[in-house]
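The values are calculated or read from the model by the stated rules, or taken from the named source; none is laboratory data. None of these values were measured; they are calculated from a predicted model. Using ideal geometry, Cβ is built from the backbone for each residue, glycine included, and neighbour counts are taken over all protein chains shown.
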Amino acid sequence: MAKPRILSGVRTTGDPHLGNYLGAIRNWVPMQDTHECFFMLADLHAIATPQAPAALTSQTRETAAAYIACGIDPAKSVIFPQSAVSMHSELAWILSCHTPLGWLSRMTQFKDKAGKNKEGALLGLYSYPVLMAADILGYHATHVPVGEDQKQHLELARDIAGAFNRAYGEDFFPLPEPLILGEATRVMSLRDGKKKMSKSDPSDYSRITLTDDADTIAKKIRKATSDSIEGVSYDSEQRPEVANLITIYAALADTSIDAVAAQYASAQTSRFKSDLADLAVEKLSPITAQMRALMDDSAYLDGILRQGAEKARAVATPIHQEVMKRVGFLQV
């Protein structure tokens, strides 16, 4: 029996951070033995907001290095730049012609990211859930590892697949299922426990990047927002910043949130932060070192991505050709 197929990726904007690692990449690693894995470098998604060309190139390599340093094995998984497979953008257009405008209008992430500047927001920011659907459906992925904030987009991908299937009278696209795994599926900002950790946050102290050295990691955790309440307890509503730090500790230590809260229940927050800093440095420093080594050998890294792109095209192209036939495009 064929393994179930998964597809996921991280946008190649800014430095990969702790939220990308704990909420996504780390959870992909064990899937490599149970699933057929496609992990893209989401550079098409990246340009939904303006990117400097040289920075986009560097960030794409850096994200690839992060995948590998975190445990994604190019011998087991397909790692490739999204833009290297033309199916993604071509299928996105076809699927957009099967997507009612009202479906996109309900997507909450556009409202959050566009804010008060909806009239000035780029079309790509509005329509990128259709591109996400093309990413998934174009490989006939059966499962998608997603965070809580992406569940709505996966539901849209299922709706679009259903609309296409009904239009052409057959179950051509499988309806992908979500995979939500791990203690830290949603890592929050170190400055504001109500906001997701983000590359776009103007404060460097809001996030720990996978390229931070040991001193920087420790400093950011010591300076992380907490509160004046005595002891350490998990309460995401009343103590969101402390709850976030507990969640991060639990994920890094491979233990439960309850166990961490119990261990530090009578401890001062400063001691808890100190222990968390030590743990984070222990777990992240080897990743940083391997990332730097990979970034220093761009020819090796680019070779991995070329091979990955070839493997991705080999799977995506036949599926896309079948889509073209069903739509009725003349094959010449």
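List of remarks:
Conditions (1) under 30 Å from Arg292 (Cβ atoms); (2) at pLDDT 95 or above; (3) crowded, with 16+ Cβ neighbours inside 10 Å, marked per residue:
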site	(1), (2), (3)
Asp43	yes, yes, yes
Asp73	yes, yes, no
Ser77	yes, yes, yes
Ser89	no, yes, no
Gly120	no, no, no
Tyr128	no, no, yes
Leu131	no, yes, yes
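- Only one of the listed residues (Val130, Val144) is in a helix (DSSP H, G or I), assigned by TED's automatic domain parsing to the domain that holds Ile47 and out of contact with any His (no Cβ under 8 Å at 6 or more places or on another chain). That residue is Val130.
- Some residue of the range 41-60 being at positive phi and either touching a residue at least 60 places away in the same chain (Cβ under 8 Å) or in contact with a helix residue (DSSP H, G or I) (Cβ under 7 Å, 6 or more places away or on another chain) (or both): no
- Meets criteria (in contact (Cβ under 8 Å) with a residue 12 or more places away in the chain, touching a helix residue (DSSP H, G or I) at 6+ places or on another chain (Cβ under 6 Å), in a strand (DSSP E or B) and assigned by TED's automatic domain parsing to the domain that holds Ala24) for Ile160: no
- Contacts under 9 angstrom Cβ, first residue in the range 270-286 being surrounded by fewer than 15 Cβ atoms within 10 Å (Cβ to Cβ), partner of a type in the set (Val, Ile, Thr), 6 or more apart: Arg271/Val232; Ser285/Ile217
- Only one entry in Thr225, Thr216, Thr211 is part of a helix (DSSP H, G or I), assigned by TED's automatic domain parsing to the domain that holds Gln268 and surrounded by fewer than 19 Cβ atoms within 10 Å (Cβ to Cβ), namely Thr216.
- Any hit, the range 91-108, residues being farther than 30 Å from Ala121 by Cα, of a type outside the set (S, T, N, Q) and modelled with pLDDT of 95 or more: no
- Positions within the range 69-87 being in a helix (DSSP H, G or I) and touching a residue at least 60 places away in the same chain (Cβ under 8 Å), in sequence order: Ala69, Gln82, Ala84, Met87
- If you go through the range 234-282 and pick out every residue that is among the charged types (D, E, K, R), part of a helix (DSSP H, G or I) and farther than 27 Å from Asp212 by Cα, you end up with 1.
- Qualifying residue in the range 170-178 (condition: surrounded by fewer than 19 Cβ atoms within 10 Å (Cβ to Cβ), in contact with a helix residue (DSSP H, G or I) (Cβ under 7 Å, 6 or more places away or on another chain), at pLDDT 95 or above and of a type in the set (A, V, I, L, M)): yes
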